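The values are calculated or read from the model by the stated rules, or taken from the named source; none is laboratory data. Since this is a predicted model, take the numbers as computed values, not measurements. Note that we place each Cβ from the backbone using ideal geometry, even for glycine, and neighbour counts take in every protein chain shown.
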Amino acid sequence: MDKDLVIIGGGPAGLAAAIAAKEAGINDLLILERDNKLGGILNQCIHNGFGLHTFKEELTGPEYAARFEDKALALEIPYKLETMVVDISAKGEDKLVTYMNRAEGLVVIRAKAVILCMGCRERSRGALNIPGYRPAGIYTAGTAQRYVNIEGRMPGKEVVILGSGDIGLIMARRMTFEGAKVKLVAELMPYSGGLKRNIAQCLNDFDIPLLLSHTVVDIKGKERVEAVVIAEVDEHSKPIPGTEQEVKCDTLLLSCGLIPENELSNALGVSINRVTGGPNVNESLETNIKGVFACGNVLHVHDLVDYVSEEATQAGKKAAEYLTGAEREHESENNSGCRSEKNTDNAVSIKATDGVRYIVPSVIRLNHMDDRQIVRFRVGAVYKKVAIQVLAGDKEIMNLKKQALAPGEMEQVILQKSVLSGIDDLKEITIRVKTD
Amino acid sequence: METKEFTCIRCPLGCNVVASLEDGKIISITGNTCPRGAEYVTNELTDPKRIVTTLVKVTGGENPVVSVKTASDIPKGKIFECLDALKSVNLKAPVRIGDVVLKNVCDCGVDIVATSNVR
Ligand code: SF4
């Protein structure tokens with residue numbers, strides 16, 4: 001089978017990317033989704049708080065997904081459900097996408113372009129290094145969310161949550177609503193990894209304590225969790241002897257962060273950023289492999305789905321430009337003049353320093369850049385009353401005052417093409433936290 | 001004078017909003033990025049409200065439950081009463097987004113509506 005564009009994943013990123021590509025004139029496209037429904041993880045996120053940016057109203061996850069799904073259906077975008085992509089490889093300019101499903105068995109598509117929209121997965125218990133037995137009753141927060149919200153069954157009655165990521169906070173309230181007693185949330189770091197509003201409305205509203213700088217050091221029980229031992233940690237995250245306390249519970253939920261799901265990208269040879277765990281991309285959200293784009297949580301973990309949709313729309317547009325050759329015309333236009341031979345794309349690298357952990361994209365090619373370029377990043381610690389400083393070479397081009405910055409929240413700046421192209425011989429842009 | 005701190009939950013920015021009170025009356029509100037933060041804190045001090053999202057049983061559909069929400073926010077003190085009222089609701093598939101699942105829950109004047117489709 002031949003296709004112009006294959007989109008791997010039918011969650012929020014895949015849907016928005018497909019819609020944008022179709023609207024830009026790409027008709028020969030296909031979404032491959034491994035679940036039995038489009039919408040991805042949003043289907044189990046039944047709480048509200050989605051869509052304030054996109055729709056100016058507060059929707060629940062399934063409602064937000066349905067808006068995009070309805071649009072994709074109205075545009076007659078083809079998709080396959082319960083279809084697992086097992087491999088992607090490059091062959092010349094083309095990409096070979098191998099998928100598997102019950103009806104068709106193993107099928108290979110030759111695609112001109114691919115958008116990676118596989119989302120992310122949760123850090124599992126193995127990555128957490130908790131000693132002790134492996135009794136029943138330990139779940140990642142997302143797995144518990146699926147049990148409760150999709151399958152309608154409760155994992156337990158007395159709950160301790162390790163990690164204060166958003167899914168864990170949301171599940172604290174959810175389990176409370178379903179009649180469970182959530183004893184506490186323990187967070188290894190001195191700050192929460194989740195949104196402040198979730199601490200307010202999911203923990204504080206129900207008097208669930210959040211213990212910062214605490215971790216689980218032991219799990220009691222052989223068949224089933226009977227209790228966990230928590231302890232305070234020092235600044236090196238080492239448990240402090242003497243601070244242990246035993247907390248009776250039958251369930252331990254782990255909400256210790258998300259990792260982009262890039263097994264397929266790795267096999268394809270996509271270069272992965274060590275900080276984000278997602279592909280390195282340029283301004284077009286294109287990876288090091290031409291015609292392979294990435295967006296949403298597979299690229300970097302987002303705090304809000306609205307930003308995922310926005311980013312995916314950009315990826316869909318750029319993939320369409322790549323396919324229709326608009327991109328190449330762009331290039332020849334720009335290169336017909338007397339540009340420097342070494343740097344025909346006018347590539348500017350975007351560097352994170354001084355408190356900024358990572359930036360997406362990592363390269364902006366000026367002659368492919370739109371008039372406005374959204375650049376997203378996260379900081380590595382909590383800051384109060386600081387500024388985000390953007391430097392072009394060593395010249396400050398932006399200085400944005402910030403009341404507070406936190407690792408749990410994604411930040412963005414918008415770079416203007418008119419400003420960047422006015423700077424001679426621009427090679428590097430740096431974004432940093434200015435504390436003084 | 002007394003001050004009270006709140007995290008505004010009206011949008012994901014989560015502003016830290018501080019209200020200054022004298023004899024229980026609000027004199028000033030600071031820290032909010034937009035007017036909704038002041039409104040939120042005023043409500044928190046007088047009549048706190050929340051949107052409630054949960055599940056309701058469904059029979060004869062692809063899933064045993066369907067997600068629902070209060071169509072607008074209800075008094076915070078009525079959350080558990082509202083959840084209890086929903087325990088006895090049993091819907092028949094199909095259910096569509098926006099279907100009214102329960103009218104005027106706990107006499108709050110607010111309906112419960114479905115937020116997902118169950119075929
Ligand atoms: S004050 Fe406005 S900007 Fe700040 S959290 Fe509330 S609604 Fe959002």
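Would you be able to say whether some residue in the stretch A:227-235 is away from every other protein chain (no Cβ under 14 Å), free of Cβ contacts under 8 Å to residues at least 60 places away in the same chain and touching a Cys at 6+ places or on another chain (Cβ under 9 Å)? Before the answer, list the steps.
First, pick out the residues of the stretch A:227-235 that are away from every other protein chain (no Cβ under 14 Å): A:227-235.
Within this subset, residues satisfying the condition of being free of Cβ contacts under 8 Å to residues at least 60 places away in the same chain are A:227, A:229, A:231-235.
Still in the list and also touching a Cys at 6+ places or on another chain (Cβ under 9 Å): A:227.
Looking through the stretch A:227-235, at least one residue is away from every other protein chain (no Cβ under 14 Å), free of Cβ contacts under 8 Å to residues at least 60 places away in the same chain and touching a Cys at 6+ places or on another chain (Cβ under 9 Å).
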Unique residue being more than 14 Å from every other protein chain (Cβ to nearest Cβ), aliphatic (A, V, I, L, M) and under 24 Å from A:Gly277 (Cβ atoms) when the list is A:Ala13, A:Ala103: A:Ala13
Residue satisfying all of: in the stretch B:58-70; surrounded by 15 or more Cβ atoms within 10 Å (Cβ to Cβ) and either more than 10 Å from chain A (Cβ to nearest Cβ) or in a strand (DSSP E or B) (or both); nearest to the chain's Cα centre (by Cα) among these: B:Thr70
A:Thr287 being of a type in the set (Ser, Thr, Tyr), closer than 23 Å to A:Ile364 by Cα and touching a Cys at 6+ places or on another chain (Cβ under 9 Å): no
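Listed here are the residues, each with its yes/no results for (1) at negative phi; (2) within 11 Å of another protein chain (Cβ to nearest Cβ); (3) outside any loop (DSSP other than H, G, I, E, B).
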site	(1), (2), (3)
B:Phe6	yes, yes, yes
B:Cys11	yes, yes, no
B:Gly14	no, yes, no
B:Ala19	yes, no, yes
B:Ile29	yes, no, yes
B:Thr33	yes, yes, no
B:Glu39	yes, no, yes
Candidate set from the stretch B:1-29 (those that are modelled with pLDDT of 90 or more and within 11 Å of the ligand (Cβ to nearest atom)); member that is farthest from A:Ile46 (Cα to Cα): B:Ile29
When residues of the stretch A:170-212 are limited to those that are surrounded by 21 or more Cβ atoms within 10 Å (Cβ to Cβ) and part of a loop (DSSP other than H, G, I, E, B), the one modelled with the lowest pLDDT: A:Gly193
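Results for (1) within 16 Å of the ligand (Cβ to nearest atom); (2) within 12 Å of chain A (Cβ to nearest Cβ); (3) among the aliphatic types (A, V, I, L, M); (4) more than 21 Å from A:Tyr64 (Cα to Cα), shown as yes or no for each residue.
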position	(1), (2), (3), (4)
B:Asn43	yes, no, no, yes
B:Thr46	no, no, no, yes
B:Thr53	no, yes, no, no
B:Pro75	no, no, no, yes
Those residues of the stretch A:244-265 which are outside any strand (DSSP E or B) and under 17 Å from the mean Cα position of the chain (by Cα), in sequence order: A:Ser255, A:Cys256, A:Gly257, A:Glu261, A:Asn262, A:Glu263, A:Leu264, A:Ser265
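Take the residues in the stretch B:86-119 that are hydrophobic (A, V, I, L, M, F, W, C) and part of a loop (DSSP other than H, G, I, E, B), then tell me which one is farthest from B:Val52 (Cα to Cα). Give the steps one after another, and end with the answer.
We begin by selecting, within the stretch B:86-119, every residue hydrophobic (A, V, I, L, M, F, W, C); these are B:86, B:89, B:91, B:93, B:95, B:97, B:100-102, B:105-106, B:108, B:110, B:112-114, B:118.
Going one step further and asking which of them are part of a loop (DSSP other than H, G, I, E, B), we end up with B:89, B:93, B:97, B:108, B:110.
On the way: B:Val89: 16, B:Ala93: 22, B:Ile97: 16, B:Cys108: 12, B:Val110: 11 Å.
Only one residue fits best here, namely B:Ala93.
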Helices (runs of 4 or more DSSP H) (entirely within the stretch A:1-93) containing at least 2 residues that are among the small types (Gly, Ala, Ser) and within 20 Å of the chain's Cα centre (by Cα): A:12-23, A:61-74
Residue in the stretch A:279-290 that is surrounded by fewer than 24 Cβ atoms within 10 Å (Cβ to Cβ), among the acidic types (Asp, Glu) and outside the structural domain of A:Ile359 (by TED's automatic domain parsing) present: no
Candidate set from the stretch A:184-207 (those that are within 14 Å of chain B (Cβ to nearest Cβ) and under 20 Å from A:Val247 (Cβ atoms)); member that is nearest to the chain's Cα centre (by Cα): A:Ser192
